[in-house]
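One structure below.
Bear in mind that the values in this text are calculations on the coordinates, not laboratory data. Note that this is a predicted model, so its numbers are computed, not measured. In this analysis, Cβ positions are derived from the backbone assuming ideal geometry, glycine residues included, and neighbour counts consider all displayed protein chains.
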Amino acid sequence: MMFRFEVNPSLCTGCRTCELACAFTHTKNQKPGRSRIYPIGYAKDEYVPVTCLQCDEAACIKSCMFDALRRNEETGAIELNLERCVKCEACVAACPFGCALIDNVHEEIVKCDLCGGSPACAQFCPTKALEYKKIA
Amino acid sequence: MLLAVIRREGVDVPALCEHEAIEPCGSCRLCMVEITKKEWDGWKNHVTSCLYPVEDGLIVSTHTDQVMEIRKTILDLYMARCPGSEVIQKMAEEYGIYKTSYITVPDADNCIMCYACTRICEVLGKSAIAAVERGHRKVIAPPFGDVPPDCIGCLSCAHICPTDVIKWNDEDGTRTIWKKNFELITCKECGKNIISREFADYIIEKREVPAEYFETCDDCKRAEVARKMGSLVTRAKEVSL
Amino acid sequence: MNVDMDKLKDIIGRSPQESNFLIAVLQDIQREFHYLPPEALTETARALNVPLSKVYGVATFYNAFSLDPRGEKVVRVCAGTACHIKGASLILEQLENGLGIKAGETTEDMKYTLEVVNCVGVCAMAPVITVNDKYYGNVRSDRVMRLVKKD
Amino acid sequence: MRIESIDQLNQWREKCRTEFEAQKRRILICLGTACRANGAIEVYEEFKKVLAEKNINDVSVEAVTKTGCHGYCALGPLVILEPEGTFYTKVKKINIPEIVEKTIENGEIIQRLLYKDANTKKRVADYNEIPFYARQQRIALRNAGNIDPNQIEHYIAVGGYQGMAKALTQMKPQEVIDEVSKSGLRGRGGGGFPTGRKWATCAKVESDIHYVICNGDEGDPGAFMDRTLMGSDPHSVLEGMIICAHAVGSIKGYIYVREEYPLAVINLKKAIEDAREFGLLGDNILGSDLCFDIQVNRGGGAFVCGESSALMKSVAGEIGEPRAKYIHSVVQGLYNKPTVLNNVESFATVPMIIEKGADWFTSFGTPKSPGTKVFSLAGKIMNSGLVEVPMGITLREIIFDIGGGIPNKRKFKAVQTGGPSGGCLPAEKLDLPCDFDSLTAAGSMMGSGGMVIMDDRTCMVEIARYFLGFLVMESCGKCVPCREGLYQLYQLCTKICEGKGTEEDLELMEKLSKTIEIGSLCGLGKSGPNPFVSTLLYFRDEYLAHIRDKKCPGGVCRNLITFTINDDCTGCLACIKACPTEAITGEKKKKHILDQELCTQCGSCYAVCKFDAIDIT
């Protein structure tokens, strides 16, 4: 089974619910960290939610010298093992889409892990601009 | 290793020199625990759990009086060695030590000589720094105490250091660490600092990541993604109109 | 100080160019030059394909190596247990005063280097000093300076 | 010439033996390091020169044999004239013409060069009758001082490589292991681990390669057995290693020799070359399946490299830092391959066990510590040197009967055994048998066999401080209890020596010692506090004297002693010349005066005074 984010920018209102959902889902120590997803405005009142594409040839995995990023074969998500991460930011620099992020609150790298298979961002998107769909 | 199992079970055992990205080395001795087995007839041993292989039938005690005494003494010794380290102070306070019983080591910095930095640099494949001298005179330093020729300015050593001893500075597109200056790649769009040129080159060479990925910062790359997707939407709208 | 690079390469070339010969190569260089010049470490690192930091680490870890040029005569005071209880520290003190340097240092005229060694294994003749490769046993503190000067 | 079978070896042996024995008159000159330092090389050259000039019947220049250390280092240079066994001590170059003329030509013994028994005042001609030798049982030292270490023919002539031949041609590897196990041989490097068990474990590990390493990194200050063995009888070490290689299935061996032992390196290298030439090392040794070669690695000069895992790191060309040995090095040793590591003396003993059998070996020593042990005697003792005695002999026998007791009529205070990791035993323990378990139980250890004897002019607190200082310098610095703990222990001990210590300090030291013992990563750290712990156990009063009374009973700690000149002063001026601070003044033949203001308590005057005229209080 394969899942994929389906983004319909025309439905996105830039309400940032996805951001909140992401940050709270990954909350640690009562401090909500940085979201892994961003609605980015590209024109007046026009937004696109941008998040990790879990690339097949992932530059983030390749660039990590310490093997902290690995693909979860079950969900297909590229997951960051924080215990192995030394915060060198190589993945942040290498991701061609800018989707490996730095969380300045917890001082660590954050990376979309598809919430273990059912991404909160898609679940909470009020306009269905973002959907997590089965494709095969 | 045993430490991972102990932690998995939710038991808090302190450790300073341990990190998943590097091989355990057993230098800080804080993760020491008492082990025994039924068939050992009451014989006990103290081992560093970061290095001890997991075995069937092992009975592990993490907080016996003896173990606590060892941790206390070690933290007491650390307090004499690293009088300025907040990490050490906090840890020691948890064990009821507020002031060291020993003489403060002259000229000591906050380095606890755990080799995390040298080990991570070795994993990286550079080994730009190493332990120099031995015994109580030992320090972590680049060759000849000079600018390390093999350093690529990735900051892994500084980030992994448990007591934050390794200082670095990013200023005006230049990164300085171990007294060595590195050119920082600045985003061609917004001018934000990305990573050092040498580190990027190393990744490009070793891991075959396209060089152009490193030319723009993450913010600008995301904005670019949004722009591209947006343009598709705009075009679709134009078509439907 | 200029180092004869040809000689250096020749010495390094005598051993197999493998990392496990690092200590042996450094020992050969030390024997030839009486210390390890910086060029020697860099060249060894290159030839044996060992990180320079490790070469430097090894060179500073072991007593056998010196990173500073040493004097014509290397005076070593044995500080083994037997020598210690027979007054080695007094002998060291006399030498330090007499030569005007501390243990581990070299006189400015590059004539003498003073070192303390753990044990040279001639405990039967304690206290012992060696001057270059020559051993002197049952050394007396009041005569040690004369001994060193005449050697 | 390559020896390819046991028959060829036996033929060669016959030839060597005939040649060796044809030389009726042999002049053995000890060229051990101590004798060398006292001019043994000049003695050797002079003998050859004089004999060449004289041209005496039956006594050719070849009769002059340079041997390795004979053990009685205190009396060097030593010259032994065979076949009578006449033992000349402290021989000088100028004595040679006389020896040649009188003893060699006319059979007359020169009395004044003979050993003089301190008690009976009698001169002894045959060295076997000298107490120093009479009590010894030489197994490991069997050839030391009797053969030229650089001539493989000598070793062959006296029965060398016979044990190896037996093992290779008549015994399966398991049989060799069984024999060694049965002999009860325990590691002579100090740990006392059963050698047979070590070999058996290693042999069982499946691996593409097994290594054999000989630990010749004799780092204990005050010990010199291994130096002597490697320098005087290198082939015995090689033979032991070859037997081990056969037992565990190894093809590659290393000998790790201490940097400070140049002679041992030279002699070992020569022995290896010769053994290779005769096919005793290399492929298919004696026509068997065994292919084995040995390489000499010079140590870098670090005490910690005596520790097995550090030594293996050093052999691999790295920094000698130990690793935690939760997986033993017999399973994962050098380059992570199964490795047998034994001490020089253990390997030198093995050929005799194979040749003569385990039962013969267990006839010496005690049931739990069979065999003999080489001890080096040094410090405040009459007969310093090397002795090999059966295990279980008491300290008293070694120190007083063999060692001749304490010089200058001083009192015995303590004996330090086992080097920096060992401990100091007091006079009450003199009747303790010397075996692995008794010494450990008494708070010391066998170690490699170094014994440093101390008289009443030794301060036990200062000795503890000395060893701690040594260990602080020699700690590799990897783990905290050892690096920081020993440093603090040393600082506290220094405080006591300076008269600034308190009883709380002592308590803190005891507590700290416990943590270092349990918490350290390797043996160096774990045994690091031993010098302090054992001196405190037996000499607590001395610590208290420093703390409470601000006195140093041994008269060593400078802050706590005063020097005075008593009426025995003859006015010889010696102390005046020796005093570095010009604190002593006076005229010839008049009692000298010491100015306490200027005195730095360095002890120079005491060291030079021949009339016991300096008092230390």
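Data overview
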{"quantity": "Centroid-to-centroid separation of the stretch D:30-63 and the stretch C:73-91 [C-alpha atoms, Å]", "calculated": "31 Å"}
{"quantity": "Percentage, to the nearest whole number, of Cα pairs in the protein assembly as shown over 53 Å apart", "calculated": "31 percent"}
{"quantity": "Partner chain coverage, peptide B:11-22 - average Cβ within 10 angstrom", "calculated": "3"}
{"quantity": "Estimated FRET transfer efficiency when R0 is 30 angstrom, pair D:ASN408-D:LYS550 (beta carbons, to 0.05)", "calculated": "0.65"}
{"quantity": "Nitroxide proxy distance, nm - points 7 Å out along Cα→Cβ at D:ASP117 and B:ASP107", "calculated": "5.9 nm"}
{"quantity": "Highest-MSF residue in chain B out of B:ILE88, B:ILE97, B:ILE166 [GNM, Cα springs under 10 Å]", "calculated": "B:ILE97"}
{"quantity": "Normalised per residue, the volume of the convex hull around the Cα set of the stretch B:100-241 (Å³)", "calculated": "153 Å³"}
{"quantity": "√(5λ) per eigenvalue of the Cα gyration tensor, the stretch C:31-151, largest first, Å", "calculated": "30, 16, 11"}
{"quantity": "Average beta carbon contacts from partner chains per residue of A:80-88, 10 Å cutoff", "calculated": "6"}
{"quantity": "Cα extents of the stretch D:28-149 along the three principal axes, largest first (Å)", "calculated": "39, 31, 25"}
{"quantity": "Distance from the stretch D:102-144 to the stretch B:190-241 (C-alpha centre basis), Å", "calculated": "92 Å"}
{"quantity": "Charge tally in the Cβ shell below 14 Å around A:GLU46, where Lys, Arg are +1 and Asp, Glu are -1, A:GLU46 excluded", "calculated": "+3"}
{"quantity": "Trypsin sites (Lys or Arg not before Pro) restricted to the stretch D:570-601 and DSSP loop, no more than 14 other C-beta within 10 Å", "calculated": "D:LYS588, D:LYS589, D:LYS590, D:LYS591"}
{"quantity": "Highest average packing first - A:6-12, D:412-418, D:39-45, Cβ atoms within 10 Å", "calculated": "D:412-418, D:39-45, A:6-12"}
{"quantity": "Inter-chain shielding of D:223-229 (mean C-beta neighbours from other protein chains, 10 Å cut-off)", "calculated": "3"}
{"quantity": "Highest-MSF residue in chain A out of A:ILE61, A:ILE109, A:ILE40 [GNM, Cα springs under 10 Å]", "calculated": "A:ILE40"}
{"quantity": "Footprinting exposure proxy for B:ASP12, D:ASP117 (fewest neighbouring C-beta atoms within 10 Å first)", "calculated": "B:ASP12, D:ASP117"}
{"quantity": "Computed E for C:GLU18/D:ASN128 - FRET, C-beta separation, R0 30 angstrom, nearest 0.05", "calculated": "0.05"}
{"quantity": "Sites D:TRP360 and D:GLN174 - FRET efficiency at Förster radius 22 Å, r taken between beta-carbons, to 0.05", "calculated": "0.60"}
{"quantity": "Distance (nanometres) between label positions extended 7 Å along Cα→Cβ at D:LYS577 and B:LYS237", "calculated": "10.9 nm"}
{"quantity": "Amide H within-cut-off set for D:THR67, under 5 Å, with H built and near neighbours excluded", "calculated": "D:ILE29, D:CYS30, D:LEU31"}
{"quantity": "Phi to ³J(HN,Hα) by Karplus 6.51 cos²θ - 1.76 cosθ + 1.60 over the stretch D:478-492, Hz, x for Gly, Pro", "calculated": "6, 10, 5, x, 6, 5, 7, x, 5, 4, 5, 4, 5, 4, 5"}
{"quantity": "Overall Cα dimensions of chain A, principal axis frame, Å, largest first", "calculated": "40, 36, 28"}
{"quantity": "Euclidean distance between Cα centres, the stretch D:483-502 to the stretch B:44-72, Å", "calculated": "29 Å"}
{"quantity": "Antiparallel bridges, percent of DSSP beta bridges restricted to chain C (to nearest 5)", "calculated": "55 percent"}
{"quantity": "For D:GLU218, distant residues with modelled amide H under 5 Å away", "calculated": "D:ARG258"}
{"quantity": "Theoretical ellipticity at 222 nm over chain B - DSSP helices of four or more residues, -39500 (n - 2.57) apiece, nearest 500", "calculated": "-10500 deg cm²/dmol"}
{"quantity": "In the stretch B:91-160, GluC sites (Glu not before Pro) in a DSSP loop with at most 15 other beta-carbon atoms within 10 Å", "calculated": "B:GLU133"}
{"quantity": "Qualifying GluC sites (Glu not before Pro) in the stretch B:163-241, DSSP loop, other Cβ atoms within 10 Å at most 15", "calculated": "B:GLU189, B:GLU208"}
{"quantity": "Theoretical ellipticity at 222 nm over chain D - DSSP helices of four or more residues, -39500 (n - 2.57) apiece, nearest 500", "calculated": "-10500 deg cm²/dmol"}
{"quantity": "Hz values of 3J(HN,Hα) by residue in the stretch C:82-97 - Karplus curve (6.51, -1.76, 1.60), Gly and Pro given as x", "calculated": "4, 5, 4, 6, 9, x, 4, 5, 5, 5, 4, 4, 4, 5, 4, 5"}
{"quantity": "Chain A: calculated mean residue ellipticity at 222 nm from DSSP helix runs of at least 4, using -39500 (n - 2.57)", "calculated": "-4000 deg cm²/dmol"}
{"quantity": "Amide H partners (placed H, <5 Å) of C:VAL117, local residues excluded", "calculated": "C:VAL77, C:CYS78, C:ALA79"}
{"quantity": "Debye log10 I(q)/I(0) for chain D, one point scatterer per Cα, at q = 0.06 Å⁻¹", "calculated": "-0.35"}
{"quantity": "GNM flexibility winner over chain B from B:PRO148, B:PRO162, B:PRO53 (Cα, springs under 10 Å)", "calculated": "B:PRO53"}
{"quantity": "Charge dipole (debye, nearest 20) of the protein assembly as shown; +1 at Cβ of Lys and Arg, -1 at Cβ of Asp and Glu", "calculated": "1400 debye"}
{"quantity": "Integer Hz, Karplus 6.51/-1.76/1.60 couplings in order for the stretch D:393-399, x for Gly and Pro", "calculated": "5, 7, 4, 4, 4, 5, 6"}
{"quantity": "Packing-based order for D:435-444, D:503-512, using average beta carbon neighbours within 10 Å, highest first", "calculated": "D:435-444, D:503-512"}
{"quantity": "Projected label distance in nm at D:ASP401 and B:GLN66, using a 7 Å step from Cα toward the beta-carbon", "calculated": "4.0 nm"}
